[in-house]
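Q: Pasting a structure here, questions to come.
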Amino acid sequence: MAHPLYVAFIWHQHQPLYKSRSNSSAMGSQYRLPWVRLHGTKDYLDLVLLLERYPNLHQTVNLVPSLILQIEDYVAGTALDPYLTTTLTPVEQLSLEQKEFIADHFFDANHHTLIDPHPRYAELYGQHQDRGRSWCLEHWSLQDYSDLLAWHNLAWIDPLFWDDPEVEAWLQKGKDFTLSDRQRIIAKHREILSRIIPQHRKMQEAGQLEVTTTPYTHPILPLLADTDAGRVAVPQMALPQERFQYPDDMSRHLEKAWGMYKDRFGCPPRGLWPSEQSVSPAILPDVAKQGFQWLCSDEAVLGWTLKHFFNRDERGTVYEPQLLYRPYRLETSAGDLAIVFRDHRLSDLIGFTYSAMEPKRAATDLIGQLEAIARSLKSGSGTLDQPWLVTIALDGENCWEFYPQDGKPFLETLYQTLSDDPDIKLVTVSEFVEQFPPTETLPADQLHSGSWVDGSFTTWIGDPAKNRAWDLLTAARQTLANHPEATEENNPEAWEALYAAEGSDWFWWFGEGHSSNQDAMFDQLFREHLAALYQALNEPIPENVRRPVEIHTSRGDHPPQGFIHPVINGQGDEQDWDKAGRIEVGGARGTMHRSSPIQRLWYGVDHLNFYMRLDFQTGVQPGKEIPPELNVLWFYANKTMHNSPISLIDLPNEAPLNYQFHHHLGVNLLTQTVWLQEAGEHFTWHSRATRAQVGVGNCVEISVPWADLQVPPDSSLRIALVLSEGGRYREYLPENALVPISVP
């Protein structure tokens, strides 16, 4: 029997618990940040409404319980966040502090997609960027503030709702918004939020959607069972001083998620999205005992389990696809579970790369990726003789901010093409595993303990700051254990505070690895939950809970924090490069480092390109203070290939300048022309075609397609930058180092 290629999309909808436990009033719960309300207005309802237009396409959506609780607070009108209360304040009553807050935070959005398309919003943003915060505070009128308050909230209303008569009228109005307008915009937010849960339930009951859940507040279950699980993937990991080992908390989170789900959806859940796709043998009996039938994780976890690394060809298609594109059976003491593993690369393409492409081209590329997978799985007869399942699972909210019109053109093109394609069939995970039960078994005790991040838990434990946070949590948990009289029935405040503190999000932001302009707020929220636990037990709050877990200062040198796709125009847009790696060069590094007209170097990648940016010292110009020729050289360690030395006069005989390189991109900073060379036999260089882009303005920005370099995915390479003039060496950077790059 010939089968289509089955594809399971799983969209994960989650926000941290922003509700403060120390700042509520009779008017409502105080939320520190607005992202549940804003993403709820822009991302949760439209995703399923758009899908509903294509009834043959079935998908899975995961709704985290803590997200549902926060949505319900906003719908009930009991949730107040600083952005909301400021929006509803008459502009005549705004204090200087509130005006400063507006200037600092009411452009919190991707300006390419949410600000620039709206002329009035873009005008105010341009004033803030070009003239600065102080100028705005001095010159903005009360009407400017009113318009900015309105537009921040309008811009987060999804384009799918722009044909709503009220929304359409506001968009056409454009400016001169009143307090009444702002009140009605917020009422529209609540109206959209109120439809989210009912729409998901309706589509699940119709059979087009499967809704899954996550442990109650999104904790890393394997680490609740035992923080020593961190050493499975990283044997030498530095662990917290005190071992956290409360496996009963796993069952509590699962039971609370199960109960919430049944109450909202009228039936028990079948699938579980373990927080951060984190699994281990220790969690499986509790998952099965609670009644879940399947769970999902990442290909890295499967690879560790099978002791197999999923290599890919130059297109990105997995070798040995039969290992990845199938569900597996896990036998536990409480019954069998099915587990699926997502294709990490396909998920990342949607999450981080397709937003930078024209929507139709991006949708076509994804279809082509799926067709390539199907070809790799076909038998000698040229058909799919077995039912194979490709799982694409990713964050369902944050990526759309970077897409034109919040992803609507991309998804419409993708869904229409898939609806017309008989060879690709979209299914829910439950549909597939019920029709085609797993035939391959993974011994439960051999399942790797890890997450989607490199198959390890290093994102949540092992760093000194993360470990300090675990020690605070362990002490609080032990205090609760010392009060056996405090049950969930008679002291729910203590237990709810514990569950909130056990959430994964706080540990994500502590220490190295991830950073945002809200790190201090996440630190504060984590400690507020711990303080509330002590207060509920009538215990004194320890002094170390009152102090920040870490000092939150601006970042110096750091590796990339995620994928980027900047506009290459020489302007150095700060949002475009926010997640890039950074290396301080010239005087920024202090007196022990050589002076350079280049201040810092930024670098990053997506699945299409490598990106680099050089910031100038104030006032310097290429061709004057900066040599006019930039040479970018790629060094491939431990690779068998032709390599050649740098062909510049007066080149010092010192590392890394005396290394041999395989690719050389030349850039004329005056004419903004580029050329690419590849090393050949006998230390020669040969010209190659390139689609590299360069922009020179207040900085230098460069993008180089991976296709130009013909480097396979998962490769590691390093880069040197050399400045020259008339073919003569002038200087290189970064000092005494190469820039490390990993090809996605």
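Q: Kindly indicate whether any position in the stretch 391-399 is over 22 Å from Asp43 (Cβ atoms), outside the structural domain of Phe610 (by TED's automatic domain parsing) and of a type outside the set (A, V, I, L, M). Can you show your working first?
A: Narrowing the stretch 391-399 to residues over 22 Å from Asp43 (Cβ atoms): none.
No; the residues of the stretch 391-399 include none that is over 22 Å from Asp43 (Cβ atoms), outside the structural domain of Phe610 (by TED's automatic domain parsing) and of a type outside the set (A, V, I, L, M).
Q: If you don't mind, another one. Enumerate the pairs (first residue in the stretch 519-546 and free of Cβ contacts under 8 Å to residues at least 12 places away in the same chain; second residue anywhere and crowded, with 19+ Cβ neighbours inside 10 Å) with beta-carbon separation below 7 Å, excluding pairs fewer than 6 apart on the same chain, so at least 6 apart or on different chains.
A: Going by the 7 Å Cβ cut-off, the qualifying pairs are Pro540/Tyr534; Ile541/Ala531; Ile541/Tyr534.
Q: Just the residues that are within 17 Å of Gln293 (Cβ to Cβ) and hydroxyl-bearing (Ser, Thr, Tyr), please, taken from the stretch 425-460.
A: Thr428, Ser430, Thr439, Thr441
Q: Do we find that Leu193 is closer than 30 Å to Phe457 by Cα and buried (at least 22 other Cβ atoms within 10 Å of the Cβ) in this structure? Spell out how you get there, then give the answer.
A: On the way: closer than 30 Å to Phe457 by Cα: no; buried (at least 22 other Cβ atoms within 10 Å of the Cβ): yes.
Taking the combined requirement at face value, the residue does not satisfy it.
Q: When you check Asp163 against the structure, is it modelled with pLDDT of 95 or more, under 28 Å from Cys399 (Cα atoms) and not in a helix (DSSP H, G or I), yes or no?
A: On the way: modelled with pLDDT of 95 or more: yes; under 28 Å from Cys399 (Cα atoms): yes; not in a helix (DSSP H, G or I): yes.
Considered against the rule, which asks whether it is modelled with pLDDT of 95 or more, under 28 Å from Cys399 (Cα atoms) and not in a helix (DSSP H, G or I), Asp163 comes out as yes.
Okay, residues lined up against (1) crowded, with 22+ Cβ neighbours inside 10 Å; (2) small (Gly, Ala, Ser):
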residue	(1), (2)
Phe436	no, no
Asp445	no, no
Ser456	yes, yes
Trp460	yes, no
Asp463	no, no
Glu485	no, no
Asn491	no, no
Ala500	yes, yes
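Conditions (1) acidic (Asp, Glu); (2) assigned to a loop (DSSP other than H, G, I, E, B); (3) modelled with pLDDT of 85 or more; (4) under 17 Å from His514 (Cβ atoms), marked per residue:
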{"residue": "His565", "(1), (2), (3), (4)": "no, yes, yes, no"}
{"residue": "Ile568", "(1), (2), (3), (4)": "no, yes, yes, no"}
{"residue": "Lys579", "(1), (2), (3), (4)": "no, yes, yes, yes"}
{"residue": "Arg582", "(1), (2), (3), (4)": "no, no, yes, yes"}
{"residue": "Ser596", "(1), (2), (3), (4)": "no, yes, no, no"}
{"residue": "Gly604", "(1), (2), (3), (4)": "no, no, yes, yes"}
{"residue": "Tyr611", "(1), (2), (3), (4)": "no, no, yes, no"}
{"residue": "Val620", "(1), (2), (3), (4)": "no, yes, no, no"}
{"residue": "Leu630", "(1), (2), (3), (4)": "no, no, yes, no"}
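Q: Being without any contact (Cβ under 8 Å) to a residue 60 or more places away in the chain and hydroxyl-bearing (Ser, Thr, Tyr) is the filter here; which residues of the stretch 443-492 pass it?
A: Across the stretch 443-492, the qualifying residue is only Thr487.
Q: Please go through the stretch 149-160 and pick out each residue that is in a helix (DSSP H, G or I) and among the aromatic types (Phe, Trp, Tyr). Lay out the reasoning, then the answer.
A: Of the stretch 149-160, the ones in a helix (DSSP H, G or I) are 149-155, 159-160.
Hit for the stretch 149-160 is Trp151, nothing else.
Q: Moving on. Keeping to the stretch 545-563, report how many residues are modelled with pLDDT under 90, outside any loop (DSSP other than H, G, I, E, B) and surrounded by 15 or more Cβ atoms within 10 Å (Cβ to Cβ).
A: 0
Residue-by-condition table, conditions (1) outside any loop (DSSP other than H, G, I, E, B); (2) hydroxyl-bearing (Ser, Thr, Tyr); (3) more than 29 Å from the chain's Cα centre (by Cα); (4) at pLDDT 90 or above:
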residue	(1), (2), (3), (4)
His686	yes, no, yes, yes
Val694	yes, no, no, yes
Val704	yes, no, no, yes
Val711	no, no, no, no
Arg718	yes, no, no, yes
Ser724	yes, yes, yes, yes
Asn736	no, no, yes, no
Pro740	yes, no, no, no
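Q: Against the definition (outside any loop (DSSP other than H, G, I, E, B), in the same structural domain as Leu426 (by TED's automatic domain parsing) and not basic (Lys, Arg)), how does Leu370 come out, yes or no?
A: On the way: outside any loop (DSSP other than H, G, I, E, B): yes; in the same structural domain as Leu426 (by TED's automatic domain parsing): yes; not basic (Lys, Arg): yes.
Here the answer is yes, as Leu370 does meet what is asked.
Q: Which one of these is within 17 Å of Pro443 (Cβ to Cβ) and in contact with a Ser or Thr (Cβ under 7 Å, 6 or more places away or on another chain): Pro359, Pro321, Pro327, Pro285?
A: Numbers: Pro359 fails: within 17 Å of Pro443 (Cβ to Cβ); Pro321 fails: within 17 Å of Pro443 (Cβ to Cβ); Pro327 fails: in contact with a Ser or Thr (Cβ under 7 Å, 6 or more places away or on another chain).
The match here is Pro285.
The values are calculated or read from the model by the stated rules, or taken from the named source; none is laboratory data. All values reported here derive from a predicted model rather than from experimental measurement. Cβ: placed from backbone, ideal geometry, glycine included. Neighbour counts: every protein chain shown.
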